[in-house]
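The values are calculated or read from the model by the stated rules, or taken from the named source; none is laboratory data. None of these values were measured; they are calculated from a predicted model. We place every Cβ from the backbone using ideal geometry, glycine too, and count neighbours over all the protein chains shown.
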Amino acid sequence: MTNGNVKKETREEIVFDGMFWIDKNGVKRRYVNPMYDEGFKILFGSEGNEELLIDLLNKVLPGREIRTLKHCNTEHHGMTESDGNAIFDVYCEDVDGVRFLVEMQNWSQHYFNKRAVYYSSFAIQDQAAKEKRHQLMTLGKDKWDYNFAPVYLVCLLTFNMKRSLPGFAKVKEDDYISIYKYTDVETNELLGDGTTLIFIELKKFCKNLQECRSEKEKWMCSLKSMGDQLEMPEELAGTILETAYEKAALAAMPPELRTIYISKAMSRNDELNSRAEMIEDALKEGYAKGRDEGLAEGVKVGKEEGLAEGREVGLAEGVIKGREEGREEGLAEGVIKGKEVGLAEGRATAILENARKMKELGIDVETIMQVTGLDRTAVGNL
């Protein structure tokens, strides 16, 4: 509940009323958001919050029971000036020297799997430098036997690995936790206890608090929802997660740390909004380009198909038309030809009939031949 008697403190655009940070959209925020790097570091990387980190790691790491942890330097430089640097969210070690790197990763990266391997190597280099110094001081030796303590890299991801990890052959679709070690590809024999990579894909975890059946699931649910909660869920009372909510409360933080967190959270929100707008613009641009290209291709295909279909239809119509015209022309020519043949036959018949009558009248053959044009044989056959 907001205390109306508490004077609001305002620094630049930050509004905090004693319990809630009120963002520029008027949304109240009571707790840090552990899904942001800044909130995660406050909750798990601050001195005095080791019990939270120990409990979380014990829930997600199989076969380990961590009792104590001490924080290490989170910033590491490459071996040369040209090498890349690494800044971890949380880096610590237990009493046995086992190293634990814990990262909250918000942005999908094309080669994040390789980045994880690269990050884990710093914890090994760190041990090498430390052991060399120890052996030099205690034994007078400057050689290291490479017997480094196990390294665990725990990556909590707000995205699914499948899209961001080309070459990862066995990305599980349903399980939200994936664990990788160096093993023989045929026998699965473990190559020592050197390095373990744990990927927790929070986007795949979709249970609400009432559906959670284990402390591990309650941790996952709380990590995803804490930043939006106005009150701690009653189901968490008396558990380590109640302590987590108490540590995450903005009102319990020193003013300077609270201001730093809120400033970074505001920048992160602006960055998220900017990325969302860029993605939306890219989708719109891609849709428009795809539509134009599809329309042009459709017109081209339509023309080709229409031309082919037109040819076929035109050819068929031409054949029919040609047949009809040919039939008409043939009929006309036949009539004319028939008339000509009939007329010729009628004329020949008339000549023969006249020649026959002239012969009956006793007219001589020469005269008949001269008048009718018949030859002597034809007149003789009458």
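Tabulated data for the structure shown
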{"item": "Matching residues, the range 179-205, being farther than 19 Å from V102 by Cα and either at pLDDT 95 or above or among the aromatic types (F, W, Y) (or both)", "result": "Y182"}
{"item": "Hey, K218 among the charged types (D, E, K, R), in the same structural domain as I54 (by TED's automatic domain parsing) and surrounded by 16 or more Cβ atoms within 10 Å (Cβ to Cβ) or not", "result": "yes"}
{"item": "Set L53, L57, L43, L61: member being more than 29 Å from M19 (Cα to Cα), modelled with pLDDT of 95 or more and surrounded by 15 or more Cβ atoms within 10 Å (Cβ to Cβ)", "result": "L57"}
{"item": "Verdict on S222 being at pLDDT 90 or above and under 27 Å from L250 (Cβ atoms)", "result": "yes"}
{"item": "Per-region count, the range 177-226, residues of a type outside the set (D, E, K, R) and in a strand (DSSP E or B)", "result": "12"}
{"item": "Flag if A252 is aliphatic (A, V, I, L, M), in contact with a helix residue (DSSP H, G or I) (Cβ under 9 Å, 6 or more places away or on another chain) and without any contact (Cβ under 8 Å) to a residue 12 or more places away in the chain", "result": "yes"}
{"item": "Residue within the range 142-153 that is modelled with pLDDT of 85 or more, within 30 Å of S225 (Cβ to Cβ) and within 24 Å of the chain's Cα centre (by Cα) present", "result": "no"}
{"item": "All positions within the range 18-40 that are more than 32 Å from the chain's Cα centre (by Cα), surrounded by 14 or more Cβ atoms within 10 Å (Cβ to Cβ) and part of a loop (DSSP other than H, G, I, E, B)", "result": "G18, M19, F20, R30"}
{"item": "Conditions (1) modelled with pLDDT under 85; (2) in contact with a strand residue (DSSP E or B) (Cβ under 6 Å, 6 or more places away or on another chain); number of the one not met by L101", "result": "(1)"}
{"item": "Lone unmet requirement of (1) under 28 Å from the mean Cα position of the chain (by Cα); (2) closer than 27 Å to E47 by Cβ for A252", "result": "(1)"}
{"item": "Residue under evaluation A282, criteria (1) surrounded by 10 or more Cβ atoms within 10 Å (Cβ to Cβ); (2) modelled with pLDDT of 90 or more, criterion not met", "result": "(2)"}
{"item": "Selected residue (criterion: modelled with the lowest pLDDT) from residues of the range 108-140 that are assigned to a loop (DSSP other than H, G, I, E, B) and loosely packed, with under 12 Cβ neighbours inside 10 Å", "result": "G140"}
{"item": "Residue, nearest to Q105 (Cα to Cα), within the range 175-215, restricted to residues that are surrounded by fewer than 18 Cβ atoms within 10 Å (Cβ to Cβ) and acidic (D, E)", "result": "D175"}
{"item": "Matching residues in the range 13-47 - criterion: being in contact (Cβ under 8 Å) with a residue 40 or more places away in the chain and at positive phi", "result": "G18"}
